[in-house]
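*Asks:* Would you mind keeping the following structure in view while I ask a few things?
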Amino acid sequence: MAAVNKANPTAVGSRKRPKLGQNFLADQGAARKIVAGLGDLSQRTIIEIGPGRGSLTELLAGKAGHFIAIELDRVLATQLRMKYARVPNVEIVEGDVLAFDFATLIGGSLRGLRDLQTSPGTQKASVIGNLPFFITSDILLRLFEFHEFIDVIVIMVQKEVADRIAAKPGTRDYGLLSATAQMFARVEKLFTLPPEAFEPPPKVQSTVIRLVIEPQVKQLGVDSGM
């Protein structure tokens, strides 16, 4: 898992793709705390965005009922695919998270998971990962678009972005991102990591937040446009 300020070229369409620069999570204690934010992983489908070198992947793959990692970097995706080639519940997907049809991805995963179970399991997937600063909003909007297929999202973002996502109405940080996130989910800031938790250390702090999907669209009479 790379730090939230990495320049990840996951742009779509004709947007220019910046050079890939990565800061990998090196603190294993922090990795365990991030994974713990999802709760019990057994018999659940977990999707990781941007696994990087796999500091979270190793913890998730051994506990999840079905684990899917979406990695843009071809080399990293290949390395992870080779490492988990013999692990039946792990799927490494190379591609742009902004281009994924999560309904198809999650639907297929849940069907496969139910085939392995003796009793019905969860009908939704959980998402975890690092969201690069410059496309945090894009990825969140993409996930909210498929909110019916997701129960909880645990993400690490730049601290200032986390503050905006969790900001209360009437405060300085409250804005469109805050309103949109809180329209679809209950936002909880879990903890903040210093630059020293990464290798190489970034110039910013990173905050882990949990979004429990609880759409307020119907209650508020709002047209989500999704």
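Results for (1) touching a Phe, Trp or Tyr at 6+ places or on another chain (Cβ under 7 Å); (2) at pLDDT below 95, shown as yes or no for each residue.
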{"position": "Phe144", "(1), (2)": "yes, no"}
{"position": "Val152", "(1), (2)": "no, no"}
{"position": "Arg172", "(1), (2)": "no, no"}
{"position": "Ala185", "(1), (2)": "no, no"}
{"position": "Leu190", "(1), (2)": "no, no"}
{"position": "Phe198", "(1), (2)": "yes, yes"}
{"position": "Arg210", "(1), (2)": "no, no"}
{"position": "Val217", "(1), (2)": "no, yes"}
{"position": "Asp223", "(1), (2)": "no, yes"}
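*Asks:* Report whether or not Glu48 is open to solvent by less than 10 Å² (accessible area, probe 1.4 Å) and either more than 16 Å from the chain's Cα centre (by Cα) or more than 22 Å from Leu190 (Cα to Cα) (or both).
*Replies:* Against the criterion (open to solvent by less than 10 Å² (accessible area, probe 1.4 Å) and either more than 16 Å from the chain's Cα centre (by Cα) or more than 22 Å from Leu190 (Cα to Cα) (or both)), Glu48 does not qualify.
*Asks:* While we're looking at this one, here's another question. Taking the condition of being part of a loop (DSSP other than H, G, I, E, B) and on the phi > 0 side of the Ramachandran plot, how many residues in segment 122-173 meet it?
*Replies:* We begin by selecting, within segment 122-173, every residue part of a loop (DSSP other than H, G, I, E, B); these are 122-124, 131-132, 146, 167-173.
Cutting the leftovers down to on the phi > 0 side of the Ramachandran plot gives us 170.
Counting residues in segment 122-173 that are part of a loop (DSSP other than H, G, I, E, B) and on the phi > 0 side of the Ramachandran plot gives 1.
*Asks:* Return yes when Val93 is surrounded by fewer than 19 Cβ atoms within 10 Å (Cβ to Cβ), in a loop (DSSP other than H, G, I, E, B) and of a type in the set (Val, Ile, Thr) and no when it is not.
*Replies:* Values: surrounded by fewer than 19 Cβ atoms within 10 Å (Cβ to Cβ): yes; in a loop (DSSP other than H, G, I, E, B): no; of a type in the set (Val, Ile, Thr): yes.
The answer is no for Val93.
*Asks:* Six or more apart or on different chains, Cβ atoms under 7 Å: show the pairs whose first residue is in segment 166-187 and open to solvent by 50 Å² or more (accessible area, probe 1.4 Å) and whose second is of a type in the set (A, V, I, L, M) and outside any strand (DSSP E or B).
*Replies:* Note: pairs meeting the criteria are Asp173/Ala167; Tyr174/Ala167.
*Asks:* For the structure I just gave you, tell me whether Pro201 is in contact with a helix residue (DSSP H, G or I) (Cβ under 6 Å, 6 or more places away or on another chain) and open to solvent by 30 Å² or more (accessible area, probe 1.4 Å).
*Replies:* In short, yes.
*Asks:* Out of Leu72, Leu60, report the one residue that is among the aliphatic types (A, V, I, L, M) and touching a helix residue (DSSP H, G or I) at 6+ places or on another chain (Cβ under 7 Å).
*Replies:* Among Leu72, Leu60, only Leu60 is among the aliphatic types (A, V, I, L, M) and touching a helix residue (DSSP H, G or I) at 6+ places or on another chain (Cβ under 7 Å).
*Asks:* Another one. Within segment 29-37, is there a residue that is open to solvent by less than 40 Å² (accessible area, probe 1.4 Å), assigned to a loop (DSSP other than H, G, I, E, B), modelled with pLDDT of 95 or more and not aromatic (Phe, Trp, Tyr)? Walk me through how you get there before you give the answer.
*Replies:* Keep residues of segment 29-37 that are open to solvent by less than 40 Å² (accessible area, probe 1.4 Å), which gives 29-31, 34-35, 37.
Still in the running and assigned to a loop (DSSP other than H, G, I, E, B): 37.
Restricting the remaining residues to those that are modelled with pLDDT of 95 or more gives 37.
Keeping just the survivors that are not aromatic (Phe, Trp, Tyr) gives 37.
Looking for residues that are open to solvent by less than 40 Å² (accessible area, probe 1.4 Å), assigned to a loop (DSSP other than H, G, I, E, B), modelled with pLDDT of 95 or more and not aromatic (Phe, Trp, Tyr), one finds at least one in segment 29-37, hence yes.
*Asks:* Restricting attention to segment 70-90, which residues are of a type in the set (Asp, Glu) and open to solvent by 20 Å² or more (accessible area, probe 1.4 Å)?
*Replies:* Within segment 70-90, just Asp73 meets the criteria.
The values are calculated or read from the model by the stated rules, or taken from the named source; none is laboratory data. The structure displayed is predicted, hence computed values, not measured ones. Positions of Cβ are generated from backbone atoms using ideal geometry, with glycine treated the same way; all protein chains shown enter the neighbour counts. Only protein heavy atoms, including side chains, enter the accessible area calculation; ligands, DNA and RNA are left aside. Shrake-Rupley method; radii C 1.70, N 1.55, O 1.52, S 1.80 Å.
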